[in-house]
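The values are calculated or read from the model by the stated rules, or taken from the named source; none is laboratory data. Since the model is a prediction, treat every value here as computed from it, not as a measurement. We place every Cβ from the backbone using ideal geometry, glycine too, and count neighbours over all the protein chains shown.
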Amino acid sequence: MKNVAETVLAQYAASPRLNALINSFNEALTPDKFINDFYDLIWNIDTAETYGLDVWGKIVDVSRWLTVSDDFNYLGFSEALLESPTRTDPQPFNQAPFYSGERTTQTIKLSDPMYRRLIMMKAMTNITDCSIPDINRMLRYMFSDRGRAYIKNDGGMQMSYVFEFELSTAELAIVQSSGALPAPPGVNVSIILQE
């Protein structure tokens, strides 16, 4: 209650014990702190913490735990080509990153700020029309502080996500396995990492 004193009968208003009992009972049962904490820690995506973000992740269907796969092309030269061309053939400059060694783990846990961004991007993906301007808007939201990221129409029902900066392990996991990067139905999607 907001004004507990108004609810006490006048004949008991001067009783210190009764007033102390009523005030402590009121503080124990008031929902104000609970409502504020619920809003700040769970409901508001901008201030939600670990548990609240996990709830939002279930709502938009994206996990905090993502898998990183190391099966994409790296920088190389023509003499390193395999006899029959495959998707693991080396690529030229501005088409593939340098090899950084084998990863010690394939599964990573996203930090709260990175998971918050992923949740927002997945929410945008859930309502997008998969047009190039919408996808570019999502990429700017997710990666604007890191560098240029954009979509490229390769023609013939193919498109590429282009990242002109080195992706961190968490960002690479988001790109590869989160399902947050949208693609129109029937379109083949590739990822280009330029450094």
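A few remarks follow.
- Long-range neighbours under 9 Å by Cβ, at least six apart or interchain, first residue closer than 13 Å to residue 181 by Cβ within the range 117-130, second of a type in the set (Lys, Arg): 118/64; 124/137; 128/137
- For the range 149-169, the tally of residues that are hydroxyl-bearing (Ser, Thr, Tyr) and either in a strand (DSSP E or B) or within 17 Å of residue 137 (Cα to Cα) (or both) stands at 3.
- Every condition in (1) at pLDDT 90 or above; (2) out of contact with any strand residue (DSSP E or B) (no Cβ under 7 Å at 6 or more places or on another chain); (3) part of a helix (DSSP H, G or I) holds for residue 172 except the one numbered (1).
- When residues of the range 84-128 are limited to those that are charged (D, E, K, R) and modelled with pLDDT of 90 or more, the one surrounded by the most Cβ atoms within 10 Å (Cβ to Cβ): 122
- Any hit, the range 187-195, residues being in a loop (DSSP other than H, G, I, E, B), at pLDDT 90 or above and either in contact with a Leu (Cβ under 9 Å, 6 or more places away or on another chain) or of a type in the set (Val, Ile, Thr) (or both): yes
- Residue count, the range 138-195 (criterion: on the phi > 0 side of the Ramachandran plot, out of contact with any Phe, Trp or Tyr (no Cβ under 8 Å at 6 or more places or on another chain) and free of Cβ contacts under 8 Å to residues at least 24 places away in the same chain): 2
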